[in-house]
Amino acid sequence: MGVSVGAEVVRVAGADEVGRGALAGPVYAAAVIFPPGRKMRGLDDSKKLTADAREELVPKIQARAIAWAIASASLEEIERLNILHASLLAMRRAVEALGVAPALLRVDGVHKPAVTCAVEAIVGGDGKVPAIMAASVLAKVARDAEMRRLELEHPGYGFAVHKGYATPQHLAALRERGPCAIHRRYFEPVLQMSLALGMTNDECRMSNEDSDSPEHSTFDIRHSTLE
């Protein structure tokens, strides 16, 4: 996407995050720059699309974008920074990974990541701005895939289905099994389940540190730029 200023076209990126409200797993973000005036049939806020529709859009977004990038913030970063700042960190990583420096970044909501370009925060932007919509789709598909992978490492919680959100199935599994290594142990439902089971924060921390999963100490970045 671009904004015309005189004869010059200013590159505008859109960014969005996914997973901020989940009880487990990383938070993901993506950033996208589209060519000026390009429209994509079927593109919408990722929350309004089916899983199949999102999957179909990913290669179309990647093919049409001038640049796109997907990044994440880890469980350890979520717990160290808090979820808001970890989400903004993931967005910053995505923007920095674009390979093309935008002059303006548009983001959904009211909070702005710390990037070097100007930032415009738009409430409901994931339903208004195509580049933000595209970013929400890329981030959602990438995070869903990661949660399906984490289900294999931590079976029994249903991560492949609910993606870490507080569904009745997830809360029931928490009550029965207690938190696992990828749960956000300071989030209220997880903390309450830990206390009910007699687990201290130190015990939860030891569970995370003893896990074979690298999730709590690593983050993900993927990107592409048209030459």
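Based on what the data block shows, is ALA118 at pLDDT below 95, more than 30 Å from ARG185 (Cα to Cα) and loosely packed, with under 15 Cβ neighbours inside 10 Å? So ALA118 does not fit the description; no. Against the list (1) closer than 14 Å to SER136 by Cα; (2) of a type outside the set (A, V, I, L, M, F, W, C); (3) assigned to a loop (DSSP other than H, G, I, E, B); (4) in contact with a Lys or Arg (Cβ under 7 Å, 6 or more places away or on another chain), the condition ARG20 fails is (4). Does any residue of region 116-126 turn out to be over 21 Å from ASP45 (Cα atoms), in a strand (DSSP E or B) and in the same structural domain as VAL27 (by TED's automatic domain parsing)? Looking through region 116-126, at least one residue is over 21 Å from ASP45 (Cα atoms), in a strand (DSSP E or B) and in the same structural domain as VAL27 (by TED's automatic domain parsing). Restricting attention to region 26-62, which residues are surrounded by fewer than 24 Cβ atoms within 10 Å (Cβ to Cβ), under 26 Å from ALA101 (Cβ atoms), modelled with pLDDT of 95 or more and among the small types (Gly, Ala, Ser)? Result: no residue meets the conditions. Considering the conditions (1) buried (at least 24 other Cβ atoms within 10 Å of the Cβ); (2) under 13 Å from ILE33 (Cβ atoms); (3) touching a His at 6+ places or on another chain (Cβ under 6 Å); (4) not charged (D, E, K, R), ALA97 is excluded by exactly one of them, (1).
Does any residue of region 185-194 turn out to be within 20 Å of the chain's Cα centre (by Cα) and surrounded by fewer than 16 Cβ atoms within 10 Å (Cβ to Cβ)? Checking region 185-194: at least one residue is within 20 Å of the chain's Cα centre (by Cα) and surrounded by fewer than 16 Cβ atoms within 10 Å (Cβ to Cβ).
The values are calculated or read from the model by the stated rules, or taken from the named source; none is laboratory data. In this text the structure is predicted, and so the values were computed from the model without any measurement. Cβ atoms come from the backbone with ideal geometry, glycine included; neighbour counts cover every protein chain shown.
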